[in-house]
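Here the structure is laid out as structure tokens; the discussion comes afterwards.
Laboratory data are not the source of any read-out in this text; all were calculated from the coordinates shown. The shown structure was predicted, so the numbers you read here are calculated from the model rather than taken from an experiment. Note that we place each Cβ from the backbone using ideal geometry, even for glycine, and neighbour counts take in every protein chain shown.
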Amino acid sequence: MPAAEGIRSRTALIARVIALGLLALLLIVLGTMWWQSLRPGAYAVTAAAGHGAHGGGPVSVVDLVTDPERPADVAVDLVARTETVRIAGGRAFTGNTLNGSTPGPVIRARQGDLVEVRLRNEDVPEGITLHWHGVDVPAAMDGVAGVTQDAIAPGESFVYRFIADRAGTYWYHSHQVSHRQVIAGLYGALVIDPAAGAEPDVTEVVAAAHTYPDGIRSLGDAGRELRADAEPGDRVRVRVINTDNAPISVWASVPFLVRAVDGTEVNRPTPVEGERVLITAGGRVDVEVRMPRSGGVRVHVPGASVLLGEDAAAAPQPQRQLDLLHYVHCTTVHRRGRAPCLPASTRRTPTATSATRSAGSPASWTGAPVCGGRSTAAPARTPRCSPSERGTWCG
């Protein structure tokens, strides 16, 4: 019996060793597959056969470009360098520049223009590419190092060409070791005006919010305060760009309009007061203010502000955040049983006592629904918006 028990014990031990060995082998295989999924040994980026003008077979990503014969409408030369950088109000640090400054120059085009940017890497050791954040560009122009193009080595150049087909506020930045190079200064703003051109009666300010090494917060190269001239009565559009990898907020010392979000215009915006607007990482929000009869205006992001006109007191960050999903324009409607509504930013219920009054103001209705919200006394028949009416009617 003791001999039999010993044999059984040895057999069980051998079985456990084999099981552990197989488990270890399985873990090694799965670990290898996981690692390869993160960084494959080679990329095969091609267009599917039979699609678009390149039908008939796979197409190399480097051939997915804008018409090479078309002349450029906007041509820009950029030179990337490593050098000592000093931001207003901050200490000097070793960073990167484009054409000797950070951020790089604002590139401005009109909708439909062909933009051509020649980028030369003078001495950035890791190489560099540029990504056009928020802009639809041909794959070969997207600036993803190792995927859509090779990184531009020191002493080499690359030409980016794309059609600026959508008006709005965008930006460009390094996409090679971007977690270091963007922070160090390799970024800039890209503004695409509508085909008809910028609004002639609106003053524009580009405010790229950025955090440089050692936590230096700056609006462009202006430090914590970017100043711009503005006169009483002027309309000023501030194009705020969040170049950081975490969300920030924007608010103002006076009521303001949200004119655009991530390059898309807002349809007939309404005034915002006592609320802040969230800007996601890499996102853009255009806000518009009208200058008061006296004094200046501040448009804030955390740790910095744009000062328009004369000096103005800082405004504390509002606790409430604007709900952009319900930030729509409302119009008083008197047909098909639709009730009028109030702008989302007002967040209050009308106080009139009769819902049958036909005055032209939504405040003359009892229980008129707030856009995207709920009324305290809804009408007997709750109107609803059709998909084509959303953003114009409400209920």
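Things to note:
- Taking all pairs of distinct alpha-carbon atoms in region 103-194, Kirkwood radius in angstrom: 13.2 Å
- Computed log₁₀ I(q)/I(0) - Debye formula, equal Cα scatterers, no solvent, region 242-325, q 0.18, 0.25 Å⁻¹: -0.75, -1.36
- Above 24 Å, the calculated P(r) of region 137-286 contains 40 percent of its Cα-Cα pairs.
- Count Lys and Arg as plus one, Asp and Glu as minus one, and take only other residues whose Cβ is under 11 Å from that of residue 206; the net charge is then +2.
- In this simple spin-label approximation, residue 265 and residue 79 carry label points 7 Å from Cα along the Cα→Cβ vector, and these lie 3.9 nm apart.
- Region 94-157: C-alpha gyration tensor shape, a/c 1.5 cut-off, then a/b vs b/c: oblate
- Residue 321 versus residue 235: modelled label distance in nm, points set 7 Å from Cα along the beta carbon direction: 2.9 nm
- Mean Cβ neighbour count within 10 Å, used as a protection proxy, ranking 165-172, 215-222 highest first: 165-172, 215-222
- Listed peptides 226-235, 317-326 appear in the order 226-235, 317-326 once ranked by packing, highest mean of other Cβ atoms within 10 Å at the front.
- Take every pair of alpha-carbon atoms less than 8 Å apart whose residues are at least six positions apart; their mean separation over the length of region 154-267 yields a relative contact order of 26 percent.
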